[in-house]
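Chemist: Quick one: the structure is below, and I'll ask about it shortly.
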Amino acid sequence: MTDLDLLIVGGGLAGLAAVLGADPKLKTAVVSKVHPLRSHSVAAQGGINAALGNNPDGREDSWQRHAFDTVKGSDYLADQDAAEILCQKAVPAMYELDHWGVPFSRFPDGTIAQRPFGGADFPRTCYAADRTGQMLLHTLYEQAVRKNVTFFDEWLVAGLVVRDGKCLGLVAIDLASGRIVPLRAKAVIFATGGYGRVFQKSTNAYINLGSGIGMAYRAGVPLKDMEFVQFHPTSLYGKNILITEGARGEGGYLLNNEGRRFMADYAPKTMELAPRDIVARAIEQEVQKGKGVENEYVWLDLRHLGREKILKRLPGIRDICSNFAGLDPVDSLIPIQPAQHYSMGGIDVDETCASPVPGFFAAGECSCISVHGANRLGGNSLLEAIIFGKIAGESASRFVAGGSPCVSPEREIADESRRIVDRITAVRRRDKGENIFRILNRLKAVMSGKAGIFRQEKALREGLDEIAALRAAYDEAFIFGTCTRYCEEMAIHLQFGYMLDIAEAILIGALRREETRGSHYRTDFPVRDDENWLKHTIMTLTDRGPVINYRPVNVEKYKPEERKY
Ligand SMILES: Cc1cc2nc3c(=O)[nH]c(=O)nc-3n(C[C@H](O)[C@H](O)[C@H](O)COP(=O)(O)OP(=O)(O)OC[C@H]3O[C@@H](n4cnc5c(N)ncnc54)[C@H](O)[C@@H]3O)c2cc1C
């Protein structure tokens with residue numbers, strides 16, 4: 001058994017930031033199911049927020065304004081103390097990234113360029129053209145490999161071991177060999193990203209299955225606010241590849257089938273730069289009213305930006321349009337539709353990234369602190385991953401140094417290893433039932449159909465019934481693959497049970513929350529209800545099934561008001 005002080009699961013921005021926050025004296029390892037540079041963070045396009053106040057018109061910005069926009073954008077469900085930490089730390093963090101060599105785009109005076117993003121009262125999104133995630137990830141990886149840390153690349157974590165309320169370690173599979181590896185650690189940080197691929201239409205990478213969130217939940221760590229799922233307004237129609245909000249930030253228009261800028265009817269002040277929940281709903285409503293093109297999508301128009309600006313600021317978007325839709329946004333309209341994009345909910349942690357289970361921490365998209373509440377503002381997620389990833393590394397290091405690390409009986413981890421081996425053996429023996437990929441596709445259809453942008457009681461209940469049916473099918477699911485090396489079907493099989501748990505948590509949270517807030521829109525309860533619902537949903541998996549509690553939101557500073565844009 002491998003013994004470590006600190007185990008970080010995930011090599012995306014949050015995991016790498018955790019490496020940089022960790023005490024270099026600790027024996028630390030990063031486990032990631034893909035090479036860190038292939039983590040989903042690499043796909044982030046539009047930018048990262050910080051109140052640097054660089055703008056050509058001389059207006060002043062402040063981290064407090066950033067915090068206010070974040071809280072308002074969250075429909076007042078964000079914890080305000082956590083949002084303040086995020087926004088205050090953003091400014092020095094941006095200069096640190098700049099000094100490490102992130103090739104930020106620049107204004108002519110040499111300052112870091114900033115573009116407008118939805119829901120922000122100021123152009124405060126720093127960017128590297130439309131490849132911000134790639135630049136950040138490569139820079140952080142350079143910094144992380146300089147530390148005394150072991151990287152276990154292409155190792156899939158299949159089980160987290162928590163016994164008697166303490167985190168003991170985990171069990172991974174080396175995907176290249178199929179070998180099962182038990183890992184014991186004094187502290188574990190999950191930075192395992194989002195669950196986008198639980199949905200059919202998603203901008204997320206295929207690896208974003210959310211198994212980390214499900215694994216923590218199965219091990220007894222509570223989840224928070226799982227009903228809040230972000231749908232991005234502008235994904236390429238049919239393919240659902242993201243067309244960054246930066247395209248609207250640079251001045252892009254949304255047009256209906258009459259060629260009209262319909263956002264005037266939904267957010268007259270901010271138009272296309274209203275927060276994502278509002279724009280995504282507006283697009284769906286236009287289509288429902290018969291104002292969509294082919295009753296399916298609307299247009300994103302960048303033509304008036306001109307060739308030079310598109311080539312300089314949005315070169316990746318131009319490539320995506322050309323490669324996946326055969327069009328050039330310089331002279332053609334882009335067909336777009338909303339798609340699942342981000343998970344506001346996740347593993348319940350506080351602002352030190354500690355979960356209620358001693359020794360278990362989480363950061364980045366898999367976690368819920370909560371800084372995004374019911375709706376995340378664009379540009380705040382990369383920021384959260386970097387700021388709170390580092391905090392997680394620091395907190396876990398303090399936990400290890402604190403002298404009360406979890407003493408871990410090897411037997412418990414060995415038992416979990418055996419359970420996983422038995423499971424793999426049973427799946428390999430099976431040749432009947434339904435193939436795992438078919439069941440995966442059924443799950444995605446259920447979630448997009450029953451827990452999408454517009455929700456109501458009947459559909460949510462039907463979704464839960466269908467999850468129960470999928471569980472039965474999963475118990476009998478088989479795989480075609482017989483290889484032990486890089487067996488993708490087996491990797492999906494091992495993670496699918498966690499996906500079912502996540503799907504169920506989203507549906508239950510959405511069914512119980514009888515109000516509309518941020519991304520959670522109930523057609524049968526279309527109004528925000530602060531009196532009864534200004535609270536976080538905390539869900540714990542017990543022997544009796546999911547148990548829900550509610551926790552108050554920190555609303556110390558900014559009083560909830562109606563959101564107008
Ligand atoms: C297309 C797109 C564009 C975006 N653009 C922006 C943007 O411009 N600005 C912004 O703020 N946000 C953006 N976001 C959101 C942002 O990119 C993500 O929220 C953020 O990068 C998540 O970082 P992370 O480190 O938490 O997770 P990830 O980068 O997803 O990393 C997760 C890591 O966990 C590992 N992992 C997962 N499960 C397991 C397992 N079971 N075993 C082992 N390893 C595991 C993976 O290998 C990976 O290394 C965008 C999102 C999408 C989908």
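The values are calculated or read from the model by the stated rules, or taken from the named source; none is laboratory data. Keep in mind the model is a prediction, meaning the values are calculated, not measured. All Cβ positions, even for glycine, are placed from backbone atoms using ideal geometry, and neighbour counts span all protein chains on display. The area values use the complete protein model at the heavy-atom level, side chains included, leaving out ligands, DNA and RNA. Shrake-Rupley method; radii C 1.70, N 1.55, O 1.52, S 1.80 Å.
Chemist: Would you confirm, using the coordinates I've provided, whether A477 is open to solvent by 20 Å² or more (accessible area, probe 1.4 Å) and out of contact with any Leu (no Cβ under 6 Å at 6 or more places or on another chain)?
Modeler: It is false that A477 is open to solvent by 20 Å² or more (accessible area, probe 1.4 Å) and out of contact with any Leu (no Cβ under 6 Å at 6 or more places or on another chain).
Chemist: Would you mind stating whether G46 is within 16 Å of the ligand (Cβ to nearest atom), closer than 28 Å to G196 by Cα, in contact with an Asp or Glu (Cβ under 6 Å, 6 or more places away or on another chain) and open to solvent by less than 50 Å² (accessible area, probe 1.4 Å)? Steps first, please.
Modeler: Values: within 16 Å of the ligand (Cβ to nearest atom): yes; closer than 28 Å to G196 by Cα: yes; in contact with an Asp or Glu (Cβ under 6 Å, 6 or more places away or on another chain): yes; open to solvent by less than 50 Å² (accessible area, probe 1.4 Å): yes.
In short, yes.
Chemist: Does Y297 satisfy the condition of being open to solvent by 30 Å² or more (accessible area, probe 1.4 Å) and at pLDDT 95 or above? If you could, list the steps in order and put the result at the bottom.
Modeler: Numbers: open to solvent by 30 Å² or more (accessible area, probe 1.4 Å): no; at pLDDT 95 or above: yes.
No, not satisfied.
Chemist: So, in the range 15-36, how many residues would count as being open to solvent by less than 20 Å² (accessible area, probe 1.4 Å), within 21 Å of the chain's Cα centre (by Cα) and closer than 24 Å to P182 by Cβ?
Modeler: Total satisfying the criteria: 7.
Chemist: Filter the range 153-208 down to residues that are more than 9 Å from the ligand (Cβ to nearest atom) and aromatic (F, W, Y) and give me whichever is modelled with the lowest pLDDT.
Modeler: Y206
Chemist: Right, A44: among the aliphatic types (A, V, I, L, M) and touching a Leu at 6+ places or on another chain (Cβ under 6 Å) or not?
Modeler: Against the criterion (among the aliphatic types (A, V, I, L, M) and touching a Leu at 6+ places or on another chain (Cβ under 6 Å)), A44 qualifies.
Chemist: On to the next question. Tell me, which residue of the range 424-436 that is in contact with a helix residue (DSSP H, G or I) (Cβ under 7 Å, 6 or more places away or on another chain) and in a helix (DSSP H, G or I) is most open to solvent (accessible area, probe 1.4 Å)?
Modeler: The qualifying residue most open to solvent (accessible area, probe 1.4 Å) is I424.
Chemist: I need the full set of residues from the range 539-565 which are over 28 Å from V279 (Cα atoms) and among the aliphatic types (A, V, I, L, M), in order please.
Modeler: Result: M539, L541, V547, I548.
Chemist: Of all residues in the range 311-327, which are assigned to a loop (DSSP other than H, G, I, E, B) and open to solvent by 40 Å² or more (accessible area, probe 1.4 Å)?
Modeler: Residue satisfying the conditions is G326 alone.
Chemist: Which of the residues that make up the range 184-196 are part of a strand (DSSP E or B) and either at positive phi or surrounded by fewer than 24 Cβ atoms within 10 Å (Cβ to Cβ) (or both)?
Modeler: Selection gives R184 alone.
Chemist: Further question on the same structure: Hey, among S105, S177, which residue is touching a Phe, Trp or Tyr at 6+ places or on another chain (Cβ under 8 Å) and of a type in the set (G, A, S)?
Modeler: Sole residue among the options that is touching a Phe, Trp or Tyr at 6+ places or on another chain (Cβ under 8 Å) and of a type in the set (G, A, S): S105.
Chemist: Please give the number of the condition D121 fails out of (1) at pLDDT 95 or above; (2) over 30 Å from I436 (Cβ atoms); (3) more than 19 Å from the chain's Cα centre (by Cα); (4) open to solvent by 10 Å² or more (accessible area, probe 1.4 Å).
Modeler: Looking at each condition in turn, D121 falls short on (1).
Chemist: To continue, here is another question. Counting just the residues of the range 388-413 that are touching a helix residue (DSSP H, G or I) at 6+ places or on another chain (Cβ under 6 Å) and open to solvent by less than 10 Å² (accessible area, probe 1.4 Å), which one comes out nearest to G47 (Cα to Cα)? I'd like the intermediate steps shown before the answer.
Modeler: Taking the range 388-413 first, the residues touching a helix residue (DSSP H, G or I) at 6+ places or on another chain (Cβ under 6 Å) are 389-390, 392-394.
Filter once more, keeping what is open to solvent by less than 10 Å² (accessible area, probe 1.4 Å): 389, 392-393.
Details: G389: 18, A392: 22, G393: 24 Å.
Top of the filtered list is G389.
Chemist: Just for the range 134-152: of the residues that are within 12 Å of the ligand (Cβ to nearest atom) and open to solvent by 10 Å² or more (accessible area, probe 1.4 Å), which one is nearest to the chain's Cα centre (by Cα)?
Modeler: Per the criteria, the residue is Q134.
Chemist: Further question on the same structure: Using beta carbons and a limit of 7 Å, which pairs, at least six apart or on different chains, have the first residue in the range 418-431 and within 12 Å of L494 (Cβ to Cβ) and the second one part of a loop (DSSP other than H, G, I, E, B) and of a type in the set (V, I, T)?
Modeler: Filtered contacts from the range 418-431: V427/I479.
Chemist: Go over the candidates L327, L333 one by one and state the one that is without any contact (Cβ under 8 Å) to a residue 24 or more places away in the chain, more than 15 Å from the ligand (Cβ to nearest atom) and over 16 Å from G212 (Cβ atoms).
Modeler: The match here is L327.
Chemist: Tally time: how many residues in the range 101-115 are touching a helix residue (DSSP H, G or I) at 6+ places or on another chain (Cβ under 7 Å) and farther than 16 Å from L383 by Cα?
Modeler: 2
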